[in-house]
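Only one structure is covered here, and it is reproduced in the block below.
The values are calculated or read from the model by the stated rules, or taken from the named source; none is laboratory data. Just so you know, these numbers come straight off a predicted model, no measurement behind them. All Cβ positions, even for glycine, are placed from backbone atoms using ideal geometry, and neighbour counts span all protein chains on display. Heads up: the accessible areas ignore ligands, DNA and RNA and are worked out on the full protein's heavy atoms, side chains in. Shrake-Rupley method; radii C 1.70, N 1.55, O 1.52, S 1.80 Å.
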Amino acid sequence: MIISGLKTKVFHGALIFLFMFIFFLSNVQAQIIPGPDRKPDEGKGPFERLIIRGAVLIDGDGSPPYGPVDIIIEKNRIARVVAVGYPKVPIDERRRPKDATYELDAAGMYVLPGFIDTHVHAGGPPKNPEADYAYKLWMAHGITTVRGVALGPFGWTLKERGRSARNEIVAPRIFAYQRPGSGEGWKGGRITTPESAREWVRWAAKQGIDGLKLGAEDPEIMAALLDEAGKHRLGSTAHLGQVGVARMNARDSARLGLTSMTHYYGLFEALLKDYTVQPWPHDHNYYDEQNRFGQVARLWDQIHPPGSEEWKALIDEFLKHKFIINPTMTIYEAGRDLMRARNADWHELYTLPSMWDYYQPDRRAHGSYWFYWTTWDEVAWKNFYRRWMMFLNDYKKAGGRVTTGSDSGFIYNLYGFGYIRELELLQEAGFHPLEAVRAATLHSAEELFEPAGKKIEFGLIRPGLLADLVIVEENPLENFKVLYGTGAVKLNDETGRVERVGGVKYTIKDGIVYDAKQLLADVAEMVRKQKEKTE
Ligand SMILES: [Zn+2]
């Protein structure tokens with residue numbers, strides 16, 4: 001008995017070892033593939049003196065558009081913006097700056113600061129095995145900076161951040177926000193005490209992360225993480241998940257010094273009317289994704305209504321803490337109209353079959369919760385959005401900052417495309433398009449630089465700032481849809497034909513000019529190849 005028991009144990013030990021080995025191998029295999037080295041024909045520049053000619057400038061600070069202007073870029077910095085005339089009359093050639101080493105004819109086009117997506121993940125198997133797919137979709141939509149929350153594994157992300165900073169890959173600038181307890185070299189394991197929380201922040205700060213991506217932390221751990229993050233001048237953003245929100249809602253986290261909340265989690269809970277927890281149905285199970293995503297919208301009429309004392313008090317308190325709201329409305333939109341999300345214009349050409357598979361209802365895939373999505377579910381989400389948008393707009397009106405993150409790569413939402421949709425949703429919430437652009441540029445830049453105590457390096461078109469710009473032929477303030485890679489549908493009255501106009505023309509990052517349509521063509525080719533393989 002004893003001997004056979006021992007044998008069984010040895011056998012078990014071997015089995016466990018074997019399983020661990022297989023797990024290790026599959027993990028290695030399952031790692032997201034880094035961006036490939038940038039080829040010589042990918043992007044032009046930076047130049048000694050690049051001049052963008054004749055554009056209309058839309059800045060990120062809420063100013064009205066103006067032009068024609070010539071914009072001088074020296075290497076990777078904006079050097080000067082020169083007024084060269086008046087609309088609808090020939091340009092005064094004498095006023096034009098000279099000695100360009102490269103010229104970009106942008107006559108009649110619109111130039112904006114590069115967009116910032118402050119909530120991204122680069123994907124990975126089984127969705128999109130290669131980060132390049134997300135990188136190019138972002139860049140093709142004018143996104144020159146992303147905040148990874150997290151972009152990918154700890155060490156991997158820091159490496160990619162460096163490669164992007166050196167322009168060795170075609171990718172936006174990367175800000176690395178990481179989860180407590182993560183990091184290949186971290187020996188402390190899971191964070192279970194305030195002491196270990198502080199130790200991890202110190203360790204992670206030394207590795208060079210930019211900030212913390214928090215979740216449903218216990219209050220004492222949240223307090224320790226945020227206090228230590230403040231000491232190291234790290235930013236912080238939190239998805240205040242339903243498991244934990246009863247003790248850590250948006251108000252609680254703002255009081256502890258959180259830089260920004262992401263999504264809506266914790267916001268409605270800070271306004272609950274009759275309960276201190278969401279009144280869940282008796283059979284609610286958080287691990288059931290349809291429960292999780294279906295029930296959250298039922299919060300819409302459980303809160304103190306818009307304009308109430310409690311509503312206003314929460315806005316005041318957020319303002320006091322300079323709290324930033326990063327709503328990522330775009331990622332939940334399928335909840336209010338599933339058919340729209342499933343049939344978006346871009347799926348055919350730009351959604352990888354593996355991505356499409358991931359979106360399908362599956363009890364094991366995060367956000368693929370359409371087990372039985374009903375009219376009631378959509379009505380609840382429509383009501384939820386109305387109130388959510390009212391809060392965001394009221395916060396904006398009171399002077400609060402709302403920023404643009406997309407969290408694309410889930411729920412039928414594709415990288416880049418999902419981000420442009422966020423601008424449209426801000427407009428629906430009551431933002432003027434200029435306010436939406438400001439959210440996407442200046443305010444998102446402030447979200448990234450302020451915690452470090454630094455001045456912004458991008459987010460406006462100003463001499464001295466980094467040359468990160470978006471150029472588009474149509475006016476995005478008239479119609480944000482022209483920023484979609486698939487463009488906007490328009491009837492051509494001269495030919496009588498229906499056309500698609502727009503799509504970003506050039507994305508300039510760090511003074512390097514990328515042909516945005518070529519980036520999209522590269523993505524379409526990735527999709528075509530994968531389809532060929534699976535057929
Ligand atoms: Zn996310």
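Listed by chain and number, the aspartates and glutamates whose alpha-carbon sits under 13 Å from that of residue 396, ignoring those within fewer than 8 places in the same chain, are 316, 435. Surface calculation, 1.4 Å probe, protein heavy atoms: residue 522 sits at approximately 40 Å² accessible. Measuring only protein heavy atoms, the 1.4 Å probe finds residue 362 accessible over about 60 Å².
Loop-located trypsin sites (Lys or Arg not before Pro) in region 479-535 (DSSP state not H, G, I, E or B) with no more than 12 neighbouring Cβ atoms inside 10 Å: 497. The alpha-carbon of residue 490 sits under 19 angstrom from the alpha-carbons of these aspartates and glutamates, leaving out residues fewer than 8 places away in its chain: 345, 424, 473, 474, 478, 499.
Check each of the trypsin sites (Lys or Arg not before Pro) in region 325-365 and keep only those in coil by DSSP with at most 15 other C-beta atoms within 10 angstrom; list them in order. Before the final figure, lay out each step's value.
Values: sites: 336, 340, 342, 363, 364; in loops: 336, 363, 364.
Counting only loop positions with at most 15 other Cβ atoms within 10 Å, the trypsin sites (Lys or Arg not before Pro) in region 325-365 are 363, 364.
Close amide H pairs (under 5 Å, H built 1.01 Å from N) link residue 47 with 75, residues at least 5 positions away or on another chain. For the chain, the solvent-accessible area works out to 45 Å² per residue, with a probe of 1.4 Å and every protein chain left in place.
Restricting attention to region 189-286, which trypsin sites (Lys or Arg not before Pro) occupy a DSSP loop and are surrounded by at most 15 other Cβ atoms within 10 Å? When the trypsin sites (Lys or Arg not before Pro) of region 189-286 are filtered for loop state and at most 15 Cβ neighbours within 10 Å, 190, 233, 247, 273 remain.
Close lysine pairs were tallied over region 71-172: pairs 8 or more places apart or on different chains with Cα atoms under 29 Å apart number 7.
Within straight-line reach of residue 320, meaning a Cα separation under 14 Å, sit the following aspartates and glutamates at least 8 residues removed in sequence or on another chain: 252. Ignoring the sites themselves, the chain has its longest run without chymotrypsin sites (Phe, Trp or Tyr not before Pro) in a DSSP loop having at most 12 other Cβ atoms within 10 Å at 1-274. Across region 260-395, Cα pairs under 8 Å and at least six residues apart give a relative contact order of 33 percent.
In summary, the helical segments of the chain meeting the span-like criteria, namely a full DSSP H run, a Cα extent along the axis of 27 angstrom or more and a mean Kyte-Doolittle hydropathy of at least -1.0, are 2-29, 516-534.
Computing FRET efficiency as 1/(1 + (r/R0)^6) for residue 363 and residue 273, where r is the C-beta to C-beta distance and R0 is 30 Å, gives about 0.35.
Using only Cα atoms, locate the centre of region 166-194 and the centre of region 54-110, then give the distance between them in Å, rounded to an integer. One Cα centre to the other: 39 Å. Within the assembled protein chains, the solvent-accessible surface assigned to residue 309 is about 130 Å², based on a 1.4 Å probe. Surface composition of the chain: carbon and sulfur atoms hold 54% of the protein heavy-atom accessible area at a 1.4 Å probe. Computed on protein heavy atoms with a 1.4 Å probe, the accessible areas place 127, 454, 88 in the order 88, 454, 127, largest first. Computed on protein heavy atoms with a 1.4 Å probe, the accessible areas place 321, 282 in the order 282, 321, largest first.
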